[in-house]
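First comes the structure, then the notes that go with it.
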Amino acid sequence: MASKSQQKAIIKKWNDNKHRKSAKNTNARRTVTNRALTSDKECPMKFRVYLNGSNHWFLQSQGSCLDHKYHPKLDVSAFSLSEKDMTNDEQRLTALLYDVNVPPSTISKILSSIRNDDVGTFLPKTVFNINEKCRSLVDVANGILPTCSDAEKTLISLQL
Ligand SMILES: [Zn+2]
């Protein structure tokens with residue numbers, strides 16, 4: 001059996017690791033939050049709803065407050081970026097990778113690794129939407145309209 005000092009060292013190391021892991025998780029997940037220390041620092045956001053006789057729910061404006069306050073600041077790397085935050089080179093690279101069937105999650109990681117700042121990330125869904133929008137614009141330019149059936153789209157693609 002380990003001596004008392006060894007046991008204390010093991011417990012201290014275990015506790016340090018536990019705290020380090022929880023701190024890391026706090027930065028990675030937006031849903032982690034802490035309870036307000038005092039009642040005057042609580043977020044006032046609340047909404048009241050009511051059910052009327054015809055079984056419809058309504059938001060009651062009186063007594064509801066949709067403003068959030070006193071939330072901890074979000075880590076800058078947790079901000080999600082949109083298409084307008086993308087440079088022309090990044091857009092071209094994204095389109096190129098998407099055309100060779102690189103998944104949006106991988107494109108998101110590549111964009112994060114080539115960006116110089118750590119401000120924000122492109123979510124895979126955002127990358128997907130940007131590419132789909134770009135692809136549908138190219139389709140319209142080639143005469144493939146969203147109203148075309150799959151057969152019509154294939155025929156037009158074969159003629160190109
Ligand atoms: Zn809130």
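At-a-glance table
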{"item": "Some residue of region 90-104 being away from the ligand (no atom under 16 Å from the Cβ), under 17 Å from the mean Cα position of the chain (by Cα) and hydrophobic (A, V, I, L, M, F, W, C)", "result": "no"}
{"item": "Members of region 115-132 found to be at pLDDT below 90 and surrounded by fewer than 14 Cβ atoms within 10 Å (Cβ to Cβ), listed by number", "result": "116, 117, 118, 119"}
{"item": "Selection from region 36-63 of residues that are part of a strand (DSSP E or B) and away from the ligand (no atom under 13 Å from the Cβ)", "result": "48, 49, 50, 51, 57, 58, 59, 60, 61, 62, 63"}
{"item": "Residues satisfying the stated conditions in region 58-80, i.e. modelled with pLDDT of 90 or more and within 29 Å of residue 132 (Cβ to Cβ)", "result": "none"}
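The values are calculated or read from the model by the stated rules, or taken from the named source; none is laboratory data. Note that the structure is a prediction, hence the values are computed from the model and not measured. With ideal geometry, Cβ positions are generated from the backbone for all residues, glycine too; neighbour counts draw on all protein chains shown.
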